[in-house]
Structure formats: structure tokens, C-alpha cells
């Protein structure tokens, strides 16, 4: 996937950029991706600077389930015993105000639902035959990491499930080192990957396939190309989602 060169109207000077593949992050020697067709790979890695054009990710909603105290969950493994297909999430942050150079020391929060659509920290129910339950005392599938010298954070989790009215997704909130919010965005997943997980993996099959397509989703319908992760691996082993955001930010080293 090549970098796109357009910006979404209405973005402020502080923003995050497009989700795109990091071909070098999840090696095929580590993950057996024979069961899943891999998208086209990127021509550059997150560890390199670039003077090329960059796609700025759209700003999206954090609600209705944002992490209530993200600074309390500094950790790379956010699984917390939740059942599902193992997923490695690699996100790199680049700075469009510095020729797309990597952005170290940025804070990245992510959160997502369980295999059957529940969010921790809230009274929640994914609809259908699933009951509403009080999960306010639990904090699974939420975490924070700080980008390294290559602008990279890595999380260990499970492949997210879905709930009625939304396509499968992961939320991301990025801050600079001083704690200033740069952008809230979301990560979408390829439909064929979702269908494979939801119809073949035991922890997902009872919930079935998503009722909302990426193209019909209220968040992704107008911006899917800038928010779609690249996924490699196998349902029987481990999946790996690669994405990068390009942050158009000032004082990025603070």
C-alpha cells in the first residue's frame, strides 16, 4: 500500500495520520500467513524518515467506552485473560511536520471490545442474546505504551469482536510527551479477516459475523482507506495488525 497524499478537510494542526502497513514489523518467518491473503506491502518502514507525502488520519470519537484512567494501565499485554485469537498490534507514530520522521516518546492508548462485544469499565451489552452486565471493576483490553526511538509501540491482545451497529475496530488516542492530546482515531480491519475469525474461531462463532460492514460504518464509511490495518498471520496461531499514524504536531519532542 502506497502512502496517500490527501488530507481530510477540517483537521486541525494537531492530528494523526493514516493507518497503513508496516511490512517490516511482523515477519512472515514469525507468523504463518498462509491462510490469509496479505495486502500489498509498504515500500518504507516506520524506522525510516521520509520526505514523501503523508495521509493524515481523520479524527474520530473516543466514546462511548474510553479508558477512564489510561495512565494507570501502562502495559504492553492488555489481554487480561480474555479468550480470543491472539493479536499483536504494532503502531508507529510519524510526524508530518518533520518530513514524516518517527516520533519518539509519544503516548499511545488503545482499547477494544472482547470476542463477543463487551467493553470493560462500563455497564455493557453487545446486543442480541447477550445480556447487559456490570463490568465497571474490570480493565481488560486497555493499555498505554510510549513510542520508542523508532516511533513504535507494540501491544499483545486478542482480535477484537464486534457489537451491533459498528464494524470491528480498535480505538487509539495519541498524546505528546507532555500529555497534550494529538488525535483520537480508530483502526478498522479487512472484512475477509473478520469473516475468517468470526466463523472459524471457537470464541467468536456463537456471536456470528458483524452486522455492519466497514463501508456502512458511521466512522469508517468516509475514511476507510486511511484507517484500515494490514493483518497477517493465521487464526490457528497468531494474527498481527500493522498500522502507522503520522502526527502533524508541533513541539513533538516535548
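The values are calculated or read from the model by the stated rules, or taken from the named source; none is laboratory data. The shown structure was predicted, so the numbers you read here are calculated from the model rather than taken from an experiment. Using ideal geometry, Cβ is built from the backbone for each residue, glycine included, and neighbour counts are taken over all protein chains shown.
Starting from residues that are over 14 Å from the mean Cα position of the chain (by Cα) and crowded, with 19+ Cβ neighbours inside 10 Å, keep the ones in region 239-254 and report whichever is modelled with the lowest pLDDT.
Going through the qualifying residues, I end up with 252.
Can you report the number of residues in region 96-119 which are surrounded by fewer than 22 Cβ atoms within 10 Å (Cβ to Cβ) and within 12 Å of residue 78 (Cα to Cα)?
Number of matching residues: 0.
Hey, residue 189 hits all of (1) touching a strand residue (DSSP E or B) at 6+ places or on another chain (Cβ under 6 Å); (2) within 19 Å of residue 154 (Cα to Cα); (3) modelled with pLDDT of 90 or more but one; which does it fall short on?
(1)
In the set 84, 128, which member is surrounded by fewer than 23 Cβ atoms within 10 Å (Cβ to Cβ) and either within 18 Å of residue 241 (Cα to Cα) or modelled with pLDDT of 95 or more (or both)?
84
On the basis of being surrounded by 14 or more Cβ atoms within 10 Å (Cβ to Cβ), at pLDDT below 85, out of contact with any helix residue (DSSP H, G or I) (no Cβ under 8 Å at 6 or more places or on another chain) and in a loop (DSSP other than H, G, I, E, B), does residue 51 make the cut?
no
List the strands (runs of 3 or more DSSP E) inside region 142-230, counting only whole elements, that have at least 1 residues being under 30 Å from residue 99 (Cβ atoms), over 14 Å from the mean Cα position of the chain (by Cα) and touching a residue at least 12 places away in the same chain (Cβ under 8 Å).
142-146, 169-175, 181-188
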